[in-house]
1. Of all the helices (runs of 4 or more DSSP H) wholly in the stretch 129-238, which have at least 3 residues that are in contact (Cβ under 8 Å) with a residue 24 or more places away in the chain and farther than 30 Å from LEU370 by Cα?
2. Of everything in the stretch 46-76, what is touching a Lys or Arg at 6+ places or on another chain (Cβ under 8 Å) and surrounded by 17 or more Cβ atoms within 10 Å (Cβ to Cβ)? Give them in sequence order.
3. Quickly run through the stretch 190-210 and pick out the residues that are exposed (fewer than 14 other Cβ atoms within 10 Å of the Cβ), modelled with pLDDT of 70 or more and more than 40 Å from the chain's Cα centre (by Cα).
4. Take ALA171 and tell me if it is over 30 Å from LEU120 (Cα atoms) and modelled with pLDDT of 75 or more.
5. If only one of VAL128, VAL148, VAL100 is under 19 Å from VAL21 (Cβ atoms) and out of contact with any Asp or Glu (no Cβ under 9 Å at 6 or more places or on another chain), which one is it?
6. For LEU125, work out the one condition from (1) of a type outside the set (Val, Ile, Thr); (2) under 39 Å from the mean Cα position of the chain (by Cα); (3) at pLDDT 80 or above it doesn't fulfil.
7. In the list VAL275, VAL339, which residue meets the criterion of being assigned to a helix (DSSP H, G or I), crowded, with 16+ Cβ neighbours inside 10 Å and modelled with pLDDT of 80 or more?
8. Working only within the stretch 89-117, note down all residues that are in a loop (DSSP other than H, G, I, E, B) and on the phi < 0 side of the Ramachandran plot.
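The values are calculated or read from the model by the stated rules, or taken from the named source; none is laboratory data. Please read these numbers as outputs of a predicted model, since none were measured by experiment. Neighbour counts run over all protein chains shown; Cβ positions are idealised from the backbone, glycine included.
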Amino acid sequence: MREPLWQSRREAFFYLLPVAVVLALTVAGAIWDDPPDGVLGCVDAVVSLAMTGLLVVRKWYPLALMAASVILCAVYLVLMTFGSGGWHPGFKVTDPWMSVSGTIYAYNVMVYAGAVAGSLMVGALLLVVTRPWHTSTEVVLGAVLLVVLPAVIGLYVRAHRRAVDALTDRAERAEREQHLLAEQARADERLRLAEEMHDMVTHRVSLMVLHAGALTVTGPDEQTRTAAEGMRAAGCEALNELRELVGVLRDDTQGHQPRAADDAPAEVPDLTTLVAESESVGVPVDLVQEGDPALTSPAVGRTAYRVVQESLTNIRKHAPGAPTRVHVRYGGDRVRLTVRNDRATSTVDSGLSGTGSGAGLTGLRQRVELVGGTLRAGPRDGGGFEVEAVLPAYVPAPESV
């Protein structure tokens, strides 16, 4: 596929400007000089206009058009030497016998054909134009101005473009390398964080679970044993969540592990508990679940639970009594959930709405992104608020921590 002749209006202007200049010079020369007479005059006018028109595609065919210019100059030379009568062009002896478009072709071939091939073609044109076997100072100076100088400028332009391209490529490569280094540093930091959580937090929580388990057996009364059992269960739940979180943190450096076909169905938190809590304080919630929640991993299920939990908490704070709809769809390799509420129907409690750190949605977004999902939150047209999260159905976790 050929490279386009230009890619912007500015490039088109400067690319077509030489065509307009050569055309204007050709027309002016035809008007200033005697009008062409005979067959040779008509052919010369047609050929000159054709060579001028072909300047439009000079970028695509630099060698072919330069060769055509050399051949045309050679034909002029032959006709001036051997032609007679109506076949003698009648050029001045002190003028270079070449078309006006030859100057542009000499520049063009150096820019687009390269230094070696372009130099050979420019040398051939220079040989024909200067006629070293019978030349003059005027012819040499004219050839230098019309052939050598444009070729040198073209060679400089080519070298400059190559240097700019090389610098651009180097800058892009350096930017890619910086991005890779940043990604590697981020992965190393995630792995370090996972190792610290493994070595420190898990150890302490495990001790708490063991002590609570012992207390459930040796407790002096039933109330103490019940409280200890609750602590033990909460500690086990924290260990499970920690195990999943460490697995996510390690995921970038160790890669995704495929889920085995015989894995047990994942147990995910029940959203009906959250809905019941909200309805108990006057926030009507319509829960719609589609698909099988058991097909998602625990880490994803807990993340979805946190999204709904945080969303309902914000609704209770900032839009009390607002009708709310929670829609969760488990399907394929994605879990999509939406929490949408209307305008508040009760007065907002300023004391309650002012509590919290104000970073709930930010932390929620980070939690969602941690498992490879996306979160979108914002006000709805006509009032209300909407939170939408898209999560992968499965996020691997290590066997143990």
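1. On the way: elements: 137-143, 149-196, 202-218.
Output list reads 137-143, 149-196.
2. Pass one, the stretch 46-76, residues touching a Lys or Arg at 6+ places or on another chain (Cβ under 8 Å): 60, 65.
The answer is LEU65, and nothing else.
3. ARG204, LEU207, LEU210
4. Details: over 30 Å from LEU120 (Cα atoms): yes; modelled with pLDDT of 75 or more: yes.
Spelling it out, ALA171 is indeed over 30 Å from LEU120 (Cα atoms) and modelled with pLDDT of 75 or more.
5. After ruling out the rest, the residue left standing is VAL100.
6. Failing condition for LEU125: (2).
7. Sole residue among the options that is assigned to a helix (DSSP H, G or I), crowded, with 16+ Cβ neighbours inside 10 Å and modelled with pLDDT of 80 or more: VAL275.
8. PRO89, PHE91, LYS92, VAL93, THR94, ASP95, PRO96, TRP97, MET98, SER99, VAL100, ALA113
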